[in-house]
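The values are calculated or read from the model by the stated rules, or taken from the named source; none is laboratory data. Computed from a predicted structure; not experimentally measured. Reconstructed Cβ throughout: ideal geometry from the backbone, glycine too, with neighbour counts over all protein chains shown. Quick note on the areas: whole protein, heavy atoms, side chains included, nothing else; ligands and nucleic acids left out. Shrake-Rupley method; radii C 1.70, N 1.55, O 1.52, S 1.80 Å.
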Amino acid sequence: MSFNYLKNIFELLLQNRGASILLCALFLLAAAFAFFLGRIFSRVEFESKLKKRISSERADAIKRSRSVLGGLAGEQIAPFLPGFPCNPADARFLGKPVDFVAFCGVAQEDKIHEILFVEVKSGDATLSRREKEIRECVENGRVRFEVYNIPE
């Protein structure tokens with residue numbers, strides 16, 4: 001398309017006021033149509049991404065929930081699995097802040113020769129900050145025994 005052709009169209013529009021108004025109206029209509037079409041497309045894209053994200057997060061929540069439930073079940077049956085560090089009859093379930101306190105020897109010998117804290121983990125789980133603090137207290141001998149008498 002040559003510039004002379006565009007120049008002729010522009011001069012025609014300047015001479016014919018009705019054609020100018022019509023062209024401006026068409027331009028505004030096209031701009032409004034493009035604007036609303038863009039909004040519709042962005043909304044569809046947003047909703048599509050949102051559905052994918054919700055689906056992904058639901059799947060992750062289900063996976064985590066199964067992991068937690070499996071861990072809780074594992075904690076309860078751990079004393080009866082091979083390799084548990086003491087006799088299951090010696091272990092008492094606490095759950096928090098450690099899973100078990102075992103009074104080793106009480107079930108068979110009727111004499112306690114060791115008190116053992118046991119934290120059960122499954123998969124790639126690691127100790128929490130609180131569990132690490134408890135391990136440190138035990139390792140450093142910061143453990144004591146007290147008798148509390150209820151006041152009358």
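Looking only at the range 1-21, decide whether some residue is modelled with pLDDT of 75 or more, open to solvent by less than 70 Å² (accessible area, probe 1.4 Å) and part of a helix (DSSP H, G or I). Looking for residues that are modelled with pLDDT of 75 or more, open to solvent by less than 70 Å² (accessible area, probe 1.4 Å) and part of a helix (DSSP H, G or I), one finds none in the range 1-21, hence no. The set of residues in the range 124-135 being open to solvent by less than 90 Å² (accessible area, probe 1.4 Å) and either in contact with a strand residue (DSSP E or B) (Cβ under 8 Å, 6 or more places away or on another chain) or not aliphatic (A, V, I, L, M) (or both) consists of 128, 131, 133, 134. So if I check each of 58, 64, which one is at pLDDT 80 or above, within 30 Å of residue 133 (Cα to Cα), under 26 Å from the mean Cα position of the chain (by Cα) and open to solvent by 90 Å² or more (accessible area, probe 1.4 Å)? Matching residue, one of 58, 64: 64. Among the residues of the range 96-118, are any open to solvent by less than 100 Å² (accessible area, probe 1.4 Å), free of Cβ contacts under 8 Å to residues at least 60 places away in the same chain and of a type in the set (S, T, N, Q)? No: the range 96-118 contains no residue that is open to solvent by less than 100 Å² (accessible area, probe 1.4 Å), free of Cβ contacts under 8 Å to residues at least 60 places away in the same chain and of a type in the set (S, T, N, Q).
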